[in-house]
Amino acid sequence: MKIPSLALLAVLMCAILPLTAVAADKKPNIVHIVADDLGWRDVGFNGATDFKTPNIDALATGGAKFTQFYVQPMCTPTRAALMTGRYPFRYGLQTIVIPGPAGYGLDTSEFLLPQCLKDGGYSTAIIGKWHLGHADRKYWPRQRGFDYQYGAMIGELDYYTHSDAGVLDWFRNNKPVKEKGYTTQLIGNDAVKYINGQDANKPFYLYLTFNAPHTPYQAPKEYVDRYPNIADPTRRTYAGMVTCLDDEIGRVVAALDKKGLRGNTLILFHSDNGGTRNAMFAGQMADLSKTKLPCDNGPYRDGKGSLFEGGCRVAACANWPGHIKAQTVDGMLHAVDLYPTLATLAGASTTKCKPLDGLNVWGTIAEGKPSPRSEVIYNVEPFRGAVRQGDWKLIWRTLIPTSVDLFNLAEDPYEKNNVAAAHPDKVAAMQQRLNALGRESAKPLALMYIARVGLAHGKPLIASEGSKAPAKPEGHGHSITDEGIGETETAPTRH
């Protein structure tokens, strides 16, 4: 009796093992959600109290909540870091965003994440905002590894007309789309439709990049009306924008559930930079210099455009049922780490990439293991730079008047006490590190563009008869000084 039993067992094992191998080797779907200019404390899991984000909170409480997830201080640099796994100072996108009239974009010699994942057998899609080059189609997503594209090519657009300065910025697969609707809901609708059309046997990467809650501050009336308790009108509109964003994320998760894909889908969520606390970084479509900006970065200093923690440490979480423990992850992570981490999960080779700055941090994300990252480069520009090594962080502004800030983030996470004078050796060593990286840096394309435009020969402005001065050019958009060149950054923000 034993021999037939053993034979039967062997047959069963032969049948089961291939199924087990297939299950173990099944590649996860990836839904990578990026919010735009979201404040650190503008989600419930980080302490928002005047409005609710139940769908985002469910992802956070059921998965990994990150306390030290870093990005670049502005939109284009962060998105470049995500797509390349490399710091943007390496290819000239380290300074501000790509302006609407500019013709440059992300270097086409960079091998982007969607290209890598496509080689690994994935379908790839971007639904939402791109902002890595728009004037030449060689920079567009469909030319950079995405099988499907829907949304905006630049960065800031009207939520209802889908345009800026009368120029339509709304496309599907490289063709302009004229349609009615609020962009956050249109993006959510398209994401649900995309998920519903997926083949369960082929993995997909969906880069879901909402433009909410970036300026202009616009929201459907029914969302604004949910918050009569919020007195400030801009904050009330902003709350409506974030709530709509949360609802659309909830619809995406529900679509995954209904399709039977949720159990094999990794969902990542984070902002592209800190919430806006300085009107110079609030966008170009409206003058917000006299408006109380609505974003809340909690206890962290400053916000978008700044090298302080409020500009670069953002709300973030990850969720994958059965694969990511419900936990708070305190290890340092950076946007560049997502490329090698996702490539490893996908079984995709990174041999076509240029040298990556990112590290595989899956153990930290999934199990809360110590992060392999001990250093974060906040940015390297000709006029400023910042680096964190362990608990020490240095911000160095190099133009006159120069300034140096040194903080121990373990003791002073909110950057209230500059201890540079007490640690000259530490300052010198970290300045040396920034100098070395500066020598490796590509020239900032934004500064080259600004210089070319600003120094171009044009019609002179000459005072008229009677000593009447010519009219000053109007505008409140980005300029070279918006990046803080030669200026002292703002004092700690108190809420």
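Do any of K393/K416; K27/K65; K304/K416; K221/K304 go past 20 Å between their Cα atoms, and which?
Cα-Cα > 20 Å for K27/K65; K221/K304; rest within.
Quick one: putting +1 on the C-beta of Lys and Arg, -1 on the C-beta of Asp and Glu, what dipole do you get for the stretch 27-374 around its Cα centre, in Debye to the nearest 20?
600 debye
With an 8 Å cut-off on Cα pairs and a minimum separation of 6 or more residues, tell me the relative contact order of the chain in percent.
With pairs under 8 Å counted, the relative contact order is 22 percent.
Determine the distance separating the Cα centre of the stretch 404-449 from the Cα centre of the stretch 228-250; give it in Å without decimals.
36 Å
Which order do R397, R79, R433 fall in if you start with the one that has the fewest other Cβ atoms within 10 Å?
Result, fewest neighbours first: R433, R397, R79.
Using a basic spin-label model with each label point 7 Å from the Cα along Cα→Cβ, how many nm lie between S374 and A421?
The answer from the label model is 3.1 nm.
For the chain, just run the numbers: alpha carbon Rg, then divide by 2.2 N^0.38 Å, N being how many residues it has.
It is 1.02.
Can you give me the long-range amide H partners of G128? Hydrogens built in the peptide plane at 1.01 Å from N, cutoff under 5 Å, separation of 5 or more residues or another chain.
Residues meeting the amide H criterion: Y150, G151, A152, T209.
Given the stretch 116-242 reduced to its alpha-carbon atoms as identical point scatterers, what log10 I(q)/I(0) does the Debye formula return at q = 0.11 Å⁻¹?
-0.43
Could you calculate the contour length gain from K354 to N201, that is, 0.36 nm times the residue separation minus the distance between their Cα atoms, to one decimal place in nm?
Stretched fully, the K354-N201 segment lengthens by 52.0 nm.
Measure out, as a whole number of angstrom, how far apart the alpha-carbon centroids of the stretch 126-182 and the stretch 35-114 sit.
Answer, in whole Å: 18.
In terms of modelled amide H atoms, which long-range or inter-chain residues lie less than 5 Å from the amide H of A316?
Under 5 Å from the amide H of A316 lie the amide H atoms of F66, each far enough along the sequence or on another chain.
Please report, ordered by residue number, every helix of the chain (full DSSP H runs) that is 15 Å or longer along its axis going by C-alpha atoms and whose mean Kyte-Doolittle hydropathy reaches 1.6.
2-25
Of the listed peptides 96-103, 289-296, what is their order by residue-averaged count of other C-beta atoms within 10 Å, with the highest listed first?
96-103, 289-296
Consider a paramagnetic label point 7 Å from the Cα of A231 along Cα→Cβ; state which residues of the stretch 291-312 have an amide N under 15 Å from it.
292
What is the sum of charges, Lys and Arg at +1 and Asp and Glu at -1, for the other residues whose Cβ falls under 10 Å from the Cβ of A125?
Here the charged neighbours net out to -2.
Can you spot the aspartates and glutamates whose alpha carbon is less than 17 Å from K290's alpha carbon? Ignore those fewer than 8 places along the same chain.
List returned: D232, E474, D482.
What FRET efficiency do you get for T328 and L455 if R0 is 51 Å and r is their Cβ-Cβ distance, rounded to the nearest 0.05?
0.50
Under 5 Å between amide hydrogens, which residues at least 5 positions from R277 or on another chain qualify, with H placed 1.01 Å from N in the peptide plane?
Here the answer is G303, K304, since their amide H atoms fall under 5 Å of that of R277.
Note down the net charge around T53, summing +1 for each Lys or Arg and -1 for each Asp or Glu among other residues with Cβ under 9 Å from its Cβ.
With Lys, Arg at +1 and Asp, Glu at -1, the net is -2.
Of all DSSP beta bridges located in the stretch 27-374, what percent are antiparallel, nearest 5?
Bridges in the stretch 27-374 that DSSP calls antiparallel: roughly 35 percent.
Could you tell me the calculated FRET efficiency between K221 and D136, based on Cβ-Cβ distance and R0 = 35 angstrom, to the nearest 0.05?
0.35
Which residue, chosen from F308, P372, Q72, occupies the Cα position most advanced towards the positive end of the dipole of the chain, where the dipole is computed from +1 (Lys, Arg) and -1 (Asp, Glu) charges on Cβ about the Cα centre?
P372
What FRET efficiency would be calculated for the residue pair V167, K443, taking the C-beta separation as r and a Förster radius of 30 Å, to the nearest 0.05?
The calculated FRET efficiency here is 0.60.
From the phi of every residue in the stretch 120-135, what ³J(HN,Hα) in whole Hz does the Karplus formula 6.51 cos²θ - 1.76 cosθ + 1.60 yield, where θ is phi - 60° and glycine or proline is x?
x, x, 8, 7, 10, 8, 10, 10, x, 8, 9, 6, 10, x, 9, 6
Throughout, read-outs are computed from the coordinates displayed, never taken from laboratory work. What you see is a predicted model, and the numbers here were worked out from it, not measured in a lab. Glycine also receives a Cβ, built like all others from the backbone with ideal geometry; neighbour counts cover every protein chain displayed.
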